[in-house]
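The values are calculated or read from the model by the stated rules, or taken from the named source; none is laboratory data. The model shown is predicted, which means the values in this text are computed figures rather than measured ones. Cβ sites come from the backbone with ideal geometry, for glycine too, and all protein chains shown count toward neighbours. Ligands, DNA and RNA are excluded from the accessible area calculation, which covers all protein heavy atoms including side chains. Shrake-Rupley method; radii C 1.70, N 1.55, O 1.52, S 1.80 Å.
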Amino acid sequence: MPGLSIDLSISAARRIALSAQGFAQPRPKRPASARQIAGVIRRLGLIQLDFVNVLIPAHYLVLFSRLGPHSRARFDDVAYASREFTEQWAHEASIVPVSTWPLLRHRMETHRVRPYGFEKAMAQHPEYAEWILEQVRLRGPVSAADFLADQMPQPQAFSDRIGDSWSRTGQRAILEAHFGRGALAVTKRLPNFSRTFDLAERVVPEPHHRKLVSREDSQRELLRLASQAHGVGTMRDLADYYRMSPGDARPRLAELVEAGDLQLARVEGWKETAYVHKDAGDHKPAATAALLSPFDPVVWFRPRAQRLFDFEYRIEIYTPEPARKWGYYCLPFLLGDRIVARVDLRADRKERFLTVAAAHLEPHAHGGETAAALIRELQSLAGWLGLDSIRVSRRGNLARLLAGVGKSA
């Protein structure tokens with residue numbers, strides 16, 4: 001019956017969640033095919049993009065966690081050249097199936113242009129914004145760097161508004177605004193990670209580009225996709241997946257329960273009601289040993305990571321060094337169905353070694369078992385990144401044991 005609650009232990013909830021995220025299947029023995037990469041993106045519903053490169057851009061690591069060593073160029077081809085996927089604001093900037101484009105259209109219509117206050121400058125100079133769009137129409141895929149200042153100098157209002165913001169130039173901000181509003185789509189990322197844009201109708205194939213879906217139907221389908229990717233989650237967990245407000249999510253979830261797509265659940269230790277997707281499976285993780293990106297769906301909503309794994313997590317990139325507890329770029333280490341350690345990693349490409357700046361063992365974990373599994377994963381990661389060796393610093397309660405296991409491996 002729709003709405004009938006079930007009871008789940010916390011270990012069962014973890015297994016369901018990890019199964020939904022693709023950890024019930026063993027990694028392929030050979031580098032992942034385009035089909036396998038596409039399968040992971042579809043299973044997760046989206047891959048959040050992040051280009052912090054102290055180790056490797058985070059979206060490649062999300063695939064590594066599930067598929068092991070893979071071709072980053074192949075991922076880029078799947079994401080941008082296959083026409084099965086496209087880039088849009090979903091969780092944050094994300095790769096999504098093209099079928100998700102119309103589900104995000106209602107948000108494109110109300111997209112707020114960053115930096116804040118830039119909309120006023122655009123409203124004051126619509127001819128300049130239209131000129132940028134016309135240039136894309138005439139010239140095909142372009143990046144902000146393709147616009148020369150002597151073609152049509154940007155109005156002073158844009159220079160005043162931009163300042164030292166992330167957009168840097170009026171041209172870039174306008175391209176980003178047209179993208180956020182759905183007039184443009186991304187054709188690829190350049191080596192410096194900047195976007196190239198073309199008209200959306202030339203990038204997003206039919207029928208997805210022109211398909212119209214109501215706001216309520218879009219929200220309902222996005223929550224269904226979120227629940228499928230989560231397996232089990234609270235209302236706030238599911239709402240966060242596509243950055244939906246709880247007020248919008250609550251009635252749509254009730255409709256999904258009524259339709260039989262979701263089932264209510266009580267999870268051991270959780271104060272809030274949980275929702276279980278109708279196809280969720282309780283499968284034992286397939287000997288999972290995986291380093292997780294800070295932007296992996298398993299841990300990106302920190303309250304969920306705390307409830308599901310008893311794992312308090314924050315990324316400390318923007319924390320002043322003296323105040324950091326775990327390290328600049330600290331990755332959780334998943335072993336079986338528990339997060340057992342966290343390691344602060346760097347890729348020294350010049351000297352060709354992987355640095356473990358800190359290694360910390362979680363209180364419940366077994367040191368020897370964790371160190372042995374972690375060093376194997378670090379060796380696989382180093383090989384994938386083209387690094388020759390691993391150097392372990394002395395920081396953290398797992399560091400000495402990890403270094404010892406590494407020497408004997």
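Against the main long axis of the alpha-carbon atoms of the chain, helix 170-180 sits at an angle near 70°.
Dividing the convex hull volume of the alpha-carbon atoms in segment 200-300 by its residue count gives 164 Å³ per residue.
Rounded to 0.05, the FRET efficiency of the Asn192 and Lys325 pair, given R0 = 25 Å and the Cβ-Cβ distance, is 0.20. Amide H contacts for Thr187 (H built 1.01 Å from N in the peptide plane; partners 5 or more residues away or on another chain; cut-off under 5 Å): Thr196, Phe197, Asp198.
Over the chain, dividing the summed -39,500 (n - 2.57) contributions of all DSSP H runs of at least 4 residues by the number of residues returns a 222 nm mean residue ellipticity of -11000 deg cm²/dmol.
In this label model, Val52 and Ser408 are separated by 3.4 nm, measuring between points 7 Å along each Cα→Cβ vector. Largest first, the residues Arg42, Arg304, Arg346, Arg314 sort by 1.4 Å accessible area into Arg314, Arg42, Arg346, Arg304. Against the criterion of solvent-accessible heavy-atom surface with a 1.4 angstrom probe, His125, His209 sort, most first, into His125, His209. Largest GNM mean-square fluctuation among Gly233, Gly140, Gly182, using the chain with Cα springs under 10 Å: Gly140. Between Ser245 and Arg395, the contour length at 0.36 nm per residue exceeds the Cα-Cα span by 50.0 nm. The alpha carbon gyration tensor of segment 239-278 gives principal lengths a ≥ b ≥ c with a/c of 1.5 or higher and a/b no greater than b/c, which makes the shape oblate.
Each of Leu292, Val267, His125 was scored by the projection of its Cα onto the charge dipole of the chain, and the greatest displacement toward the positive side belongs to Leu292; charges sit on the C-beta of Lys, Arg, Asp and Glu. Across the cross-link table entries Lys211/Lys284; Lys211/Lys278; Lys29/Lys350; Lys188/Lys325; Lys29/Lys211, which are compared at the Cα atoms, the separations over 31 Å belong to Lys211/Lys284; Lys188/Lys325; Lys29/Lys211. Measuring r between the beta carbons of Ala254 and Glu134 and using R0 = 51 Å, the FRET efficiency lands at 0.65.
Of the residues Pro207, Leu401, Leu44, the one whose Cα sits farthest toward the positive end of the charge dipole of the chain, with +1 on the Cβ of Lys and Arg and -1 on the Cβ of Asp and Glu, is Leu401. Here the label points at Arg215 and Gln379, each 7 Å from Cα along the C-beta direction, are separated by 5.6 nm in the simple model.
For Phe85, the residues 5 or more places off, or on other chains, whose built amide H falls under 5 Å of its own are Val98. Simple spin-label estimate for Ser9 and Asp76 gives 4.7 nm between the two label positions (7 Å along the Cα-to-Cβ direction from each Cα). Given +1 at the Cβ of Lys and Arg, -1 at the Cβ of Asp and Glu and no other charges, the dipole of segment 5-85 around its Cα centre is 360 debye to the nearest 20.
For segment 197-272, GluC sites (Glu not before Pro) are listed when DSSP marks them as loop and at most 12 other Cβ atoms sit within 10 Å of their Cβ; the list is Glu268. Look at the Cα gyration tensor of segment 310-385: its axes a ≥ b ≥ c give a/c of at least 1.5 with a/b at or below b/c, and that counts as oblate.
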